[in-house]
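Structure record follows, encoded as structure tokens.
The values are calculated or read from the model by the stated rules, or taken from the named source; none is laboratory data. Quick caveat, the model's predicted, so the values are computed rather than measured. Cβ sites come from the backbone with ideal geometry, for glycine too, and all protein chains shown count toward neighbours.
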Amino acid sequence: MGSLITYSAIAAKLAAMRGHFLTDDEFSVLAGMENVPAAVEYLKSSPAYRDVFSGVENEELHRSKIEELLWHSLYGDFSRLFRFANGTQRKFLDLYFLHFEIDVMKRCLRDAVSGKRSDLNFKSFEPFFRKHSHLDFTALTDSKDLDEYLDSIQNTPYYGPLKDLKDQGITSLSEFESALDILYFIRFWKSLKDQLSKDDREAIADCAGEKIDLLNIEWLARAKRHYKLSADAIMELLIPVWHRLKKSQARELAEAPSIEEFDRILKGTRYGNRIFRASGEQQENPELHSLFRALLDAVYSKSGRNDPYSAAALNSYFYFKEEEIRKIITTVEGIRYSLGSSEILTCLAES
């Protein structure tokens with residue numbers, strides 16, 4: 001699947017960029033750094049992070065600044081690949097950009113709901129976002145409350161559903177984040193079918209579809225284990241896109257009268273054997289979040305390996321780049337709070 005002619009050049013570039021990912025041994029060394037400045041100095045030895053940390057002073061190395069610089073490295077990768085890409089590849093990259101857009105929206109939303117102006121320094125991101133988005137991210141980061149946040153996204157597809165929630169008296173962060181996730185995945189799934197070639201669509205459909213299915217299962221499990229919600233209320237929390245988890249199966253899970261019955265129904269789905277086998281010894285009530293991350297790692301790795309001359313190569317690269325950034329943030333914060341290297345590495349394995 002995919003086109004060797006269309007993707008050969010960018011596949012070679014991606015292979016070179018993947019060569020800059022940190023190895024397990026390098027993460028072990030990073031986890032053993034004695035303090036945050038030492039960890040940043042170590043990251044400067046990596047071609048992927050050398051430029052973004054260049055010239056940064058020790059007093060600037062608070063969590064938000066480090067996160068900002070790490071995400072800037074991701075946006076830099078995207079920009080380099082976009083400049084290198086041809087028209088076919090840019091269609092996928094334009095679609096993938098929605099992921100970055102929704103991520104920044106959620107980060108600004110968290111600050112607005114808590115009643116403070118975002119500490120996200122958008123100036124360093126602005127040139128990148130201006131090229132790919134019509135949202136006013138400066139207004140987003142300046143929002144100090146939910147009303148200002150909503151004002152900043154008027155005339156966008158996101159405004160109506162979020163405004164409806166507020167008009168219903170719903171102002172909790174989790175509800176708004178869920179609404180943004182649902183809007184994003186609906187838009188992504190529809191655009192996947194409408195904008196990409198058949199080969200590219202098929203190459204990444206499993207990754208996108210399984211991610212949606214696993215998120216829905218995770219939300220179903222969380223709702224059943226931690227909240228007393230009706231089946232109808234639970235179904236409204238789900239992304240209304242059905243891949244290998246059928247809507248009827250989701251309804252059964254939502255209606256399960258007990259956790260034991262929930263697990264029994266889950267075992268009968270397409271994902272059941274994989275989930276419980278991966279959790280070990282058919283463990284009941286497995287910890288789904290870390291388990292699903294491992295399952296997604298396998299799906300994205302297989303996709304990029306099986307279809308290297310398609311959008312799957314780009315899709316897989318960005319997934320694992322974001323995973324690396326998440327692991328670096330966890331590692332640096334572990335160092336900041338004086339955790340031992342073995343404890344940090346355990347956190348990475350479990351997160």
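Out of (1) polar (S, T, N, Q); (2) under 14 Å from T88 (Cα atoms); (3) under 19 Å from the mean Cα position of the chain (by Cα), what's the single condition that is false for N216?
(2)
Where the second residue is surrounded by 16 or more Cβ atoms within 10 Å (Cβ to Cβ) and outside any helix (DSSP H, G or I) and the first is among the β-branched types (V, I, T) and lies in the stretch 133-150, which pairs have Cβ atoms under 7 Å and are six or more apart or on separate chains?
T141/S118; T141/L120
Could you give me the residue pairs with C-beta distances under 6 Å whose first residue belongs to the stretch 92-115 and is among the acidic types (D, E), whose second residue is outside any helix (DSSP H, G or I) and surrounded by fewer than 19 Cβ atoms within 10 Å (Cβ to Cβ) wherever it lies, and which are 6+ apart or on separate chains?
From residues that are among the acidic types (D, E), the pairs are E101/S133.
Looking for whichever is farther than 30 Å from S73 by Cα and either assigned by TED's automatic domain parsing to the domain that holds A16 or more than 18 Å from the chain's Cα centre (by Cα) (or both) here; the options are I344, I275, I335. Which one fits?
Residue meeting the stated conditions: I275.
Restricting to the stretch 243-276, name every residue that is touching a residue at least 24 places away in the same chain (Cβ under 8 Å), part of a loop (DSSP other than H, G, I, E, B) and closer than 13 Å to D213 by Cα.
H243, R244, L245, T269, R270, Y271
Could you list all residues from the stretch 46-60 that are in a loop (DSSP other than H, G, I, E, B), touching a Lys or Arg at 6+ places or on another chain (Cβ under 9 Å) and either surrounded by 13 or more Cβ atoms within 10 Å (Cβ to Cβ) or among the basic types (K, R) (or both)?
A48, V56
List the helices (runs of 4 or more DSSP H) inside the stretch 281-351, counting only whole elements, that have at least 1 residues being in contact with an Asp or Glu (Cβ under 6 Å, 6 or more places away or on another chain) and at negative phi.
Qualifying helices (runs of 4 or more DSSP H): 288-306, 311-336.
Is it the case that some residue within the stretch 192-199 is within 19 Å of S174 (Cβ to Cβ), among the charged types (D, E, K, R) and either free of Cβ contacts under 8 Å to residues at least 12 places away in the same chain or in contact with a strand residue (DSSP E or B) (Cβ under 8 Å, 6 or more places away or on another chain) (or both)?
Step one: of the stretch 192-199, the residues within 19 Å of S174 (Cβ to Cβ) are none.
Within the stretch 192-199, not a single residue is within 19 Å of S174 (Cβ to Cβ), among the charged types (D, E, K, R) and either free of Cβ contacts under 8 Å to residues at least 12 places away in the same chain or in contact with a strand residue (DSSP E or B) (Cβ under 8 Å, 6 or more places away or on another chain) (or both).
Before we move on, is S174 over 24 Å from S290 (Cα atoms), of a type outside the set (A, V, I, L, M, F, W, C) and surrounded by fewer than 16 Cβ atoms within 10 Å (Cβ to Cβ)? Steps first, please.
Details: over 24 Å from S290 (Cα atoms): no; of a type outside the set (A, V, I, L, M, F, W, C): yes; surrounded by fewer than 16 Cβ atoms within 10 Å (Cβ to Cβ): yes.
When the stated conditions are applied, S174 does not pass them.
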